[in-house]
Structures are given as C-alpha cells and as structure tokens.
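What follows is a set of notes on a single structure, which appears directly below.
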Amino acid sequence: MLRSTIFCALLLVASANALAGPGDNAQIHFKAIASGDPAQIMPGYADSVTLQWLGGPLDGSYTGVEKVQEVWGKFAKANGPLELRVAKLEESANPKGATVTANVEFKGKNTIKVRYVLVYRDGQLVNEVWQIDPNLAIPY
C-alpha cells in the first residue's frame, strides 16, 4: 500500500512537470535560485546551455552545464537563501521554442534586481540572460 502511494505521488509530480509550460518552468527556476541550493537550479538545463551574466562580480559568459553549475555554486555561497519576487513575466512560444522574460528580485544580504530572459527548446533551457538592473521597478 505504501509503495503504491509513493509511486502515485511520484507519477503526479512527473506528470505536473511534463505539463508545465515555459512560464511555469521559469517560476520553478527562479524559486530554485532563491533556495540557495545549486542542485535545485540545474535540472532543466540543456547540456550546451549558455548563461550570459551581465553586471556584478559574476559578469561573464558561461557555456555548458559544468560551467553554469560552478557559477550558481559561487552565487549560492555568496548569498544563501533569498526572498523572491517576480513581476511582468511574459511568455512567447511557437513550435520551435519559447522565450520567457521577467523582472525578478532576489533579496537577502543584498537586493539583486534582475531582468531575466530565458530561451527554451524542446522543453530544455538553452540560453539564460541574467542582467543586473538596480533601477528595475518591481511593484510590491
């Protein structure tokens, strides 16, 4: 009985993830970043992902899962768990892929305002733009 209950719960989680659209995946991604746990951030990336980080101490271009994971490890170590606010999330999709844009605020020791652009192909995150923008308006 317990095994079938656990199996059903896992099946529901897998089904929910399979049905999630790019906007939902972006929200999951933002929450994972705020968690401060790089292992939670990494699912969903394509092997050849590129992260463009504009501004701040991690400014640079990072290609491949290993390099991106290394960056998120540095970010998590410096910031720990963060509060999260997301505004103006917009999704555009066609059969070839999707983009999600959003204004995101991560708040902890510091407040980090980010203009986000995520590109998905075949359900995987292939390109991520993290642009620090201290003047970004994120309504409460």
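Taking the criterion of being outside any helix (DSSP H, G or I) and either aromatic (Phe, Trp, Tyr) or in contact with a strand residue (DSSP E or B) (Cβ under 9 Å, 6 or more places away or on another chain) (or both), the residues of the stretch 33-48 that qualify are Gly44, Tyr45, Ala46, Asp47, Ser48. Within the stretch 24-40, residues that are among the polar types (S, T, N, Q) sit with their Cβ atoms under 7 Å from residues that are assigned to a helix (DSSP H, G or I), at 6+ positions apart or across chains, in these pairs: Gln40/Ala32. Residues of the stretch 89-105 that are polar (S, T, N, Q) and within 13 Å of the chain's Cα centre (by Cα): Thr99, Thr101, Asn103.
Among the conditions (1) more than 15 Å from Gln52 (Cβ to Cβ); (2) part of a strand (DSSP E or B); (3) not small (Gly, Ala, Ser), Tyr140 misses just one, which is (2). Does at least one position in the stretch 93-113 carry a residue that is part of a strand (DSSP E or B), hydroxyl-bearing (Ser, Thr, Tyr) and farther than 18 Å from Ala26 by Cα? The answer is yes, given that some residue of the stretch 93-113 is part of a strand (DSSP E or B), hydroxyl-bearing (Ser, Thr, Tyr) and farther than 18 Å from Ala26 by Cα. Looking across the stretch 58-92, just one residue is surrounded by 15 or more Cβ atoms within 10 Å (Cβ to Cβ), assigned to a strand (DSSP E or B) and of a type in the set (Val, Ile, Thr), and that is Val86.
Of the residues in the stretch 74-82, at least one is closer than 25 Å to Ala137 by Cβ, in contact (Cβ under 8 Å) with a residue 24 or more places away in the chain and of a type in the set (A, V, I, L, M, F, W, C).
Can you pull out the residues in the stretch 7-57 that are among the aromatic types (Phe, Trp, Tyr), modelled with pLDDT of 90 or more and surrounded by fewer than 15 Cβ atoms within 10 Å (Cβ to Cβ)? Across the stretch 7-57, there are no qualifying residues.
The values are calculated or read from the model by the stated rules, or taken from the named source; none is laboratory data. Every value quoted in this text rests on a predicted model; they were computed, and no experiment measured them. Methodologically, a virtual Cβ is constructed for each residue, glycine included, from the backbone with ideal geometry; neighbour enumeration extends over all protein chains shown.
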